[in-house]
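Q: Following this message is one structure expressed as structure tokens.
The values are calculated or read from the model by the stated rules, or taken from the named source; none is laboratory data. Predicted model only: the values in this text are computed from it and were never measured. A quick note on method: Cβ atoms are made from the backbone with ideal geometry, for glycine too, and the neighbour counts reach across all protein chains shown. Note: areas computed on protein heavy atoms with side chains; ligands, DNA, RNA excluded. Shrake-Rupley method; radii C 1.70, N 1.55, O 1.52, S 1.80 Å.
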Amino acid sequence: GIDAAWFATTRNLFHIYLNFNRIEVIPNGAFANITALRSLNMWQNQLKTVRREAFGFLGSLTLIDFDTNTINALDERIFDDAEELRSFFFGRNICLSASFFDFINNRATFMARLQRCFCNLHHYVGE
């Protein structure tokens with residue numbers, strides 16, 4: 001798993017690559033101190049649920065890659081301040097399998113397609 005202490009002093013980290021690590025959970029606050037994050041790559045893990053509490057400011061984020069996990073629930077609030085998000089890779093997950101290019105210009109359409117994942121979050125408690 002991820003230890004939030006790994007990233008506690010990496011405020012200016014731009015890219016995170018945590019692919020092929022069998023990560024099941026992103027703990028609350030894991031990326032909270034990283035304010036300059038541009039890309040988060042976590043494909044080919046075993047994530048089930050992704051919650052907003054794992055992150056800090058996401059205003060610089062342009063790419064999220066959660067391809068090939070087992071995600072069935074996604075927190076809609078992740079996208080609230082991710083205003084620069086251009087690419088969201090979400091293929092081969094449980095609640096949806098899709099990749100969203102040009103997210104910044106098609107936000108409303110893509111958010112509508114992700115509704116099933118957002119709704120599923122309300123059924124998961126604890127994790």
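Q: For the stretch 15-38, give me the residue count where each residue is of a type outside the set (A, V, I, L, M), modelled with pLDDT of 95 or more and in a loop (DSSP other than H, G, I, E, B).
A: Matching residues across the stretch 15-38 total 6.
Q: Hey, another quick one. Identify all residues within the stretch 75-102 that are farther than 23 Å from Ala32 by Cα and not aliphatic (A, V, I, L, M); write none if there are none.
A: Of everything in the stretch 75-102, those that are farther than 23 Å from Ala32 by Cα and not aliphatic (A, V, I, L, M) turn out to be Gly91, Arg92, Asn93, Cys95, Ser97, Ser99, Phe100, Phe101, Asp102.
Q: Okay, next question. Given the conditions (1) surrounded by 17 or more Cβ atoms within 10 Å (Cβ to Cβ); (2) more than 13 Å from Val25 (Cα to Cα), which single one is not true for Ala73?
A: All conditions pass for Ala73, except number (2).
Q: May I ask you to list the residues in the stretch 1-15 that are surrounded by fewer than 17 Cβ atoms within 10 Å (Cβ to Cβ) and either within 22 Å of Leu85 (Cα to Cα) or of a type in the set (Lys, Arg) (or both)?
A: Thr10, Arg11, Asn12, Leu13, Phe14, His15
Q: I'd like to know if the stretch 110-118 contains one or more residues that are outside any helix (DSSP H, G or I) and either modelled with pLDDT under 95 or touching a His at 6+ places or on another chain (Cβ under 9 Å) (or both).
A: no
Q: If I ask for residues that are open to solvent by 60 Å² or more (accessible area, probe 1.4 Å), under 19 Å from Cys95 (Cβ atoms) and not charged (D, E, K, R), which ones from the stretch 25-49 would you list?
A: Selection gives Val25, Trp43, Gln44, Gln46.
Q: In the stretch 50-65, which residue that is in a loop (DSSP other than H, G, I, E, B) and surrounded by 21 or more Cβ atoms within 10 Å (Cβ to Cβ) is modelled with the lowest pLDDT?
A: If we take residues in the stretch 50-65 being in a loop (DSSP other than H, G, I, E, B) and surrounded by 21 or more Cβ atoms within 10 Å (Cβ to Cβ), then Leu58 is modelled with the lowest pLDDT.
Q: For Cys95, only one of the following conditions fails: (1) open to solvent by 30 Å² or more (accessible area, probe 1.4 Å); (2) more than 23 Å from Trp6 (Cα to Cα); (3) part of a loop (DSSP other than H, G, I, E, B). What is its number?
A: Condition (1) is where Cys95 drops out.
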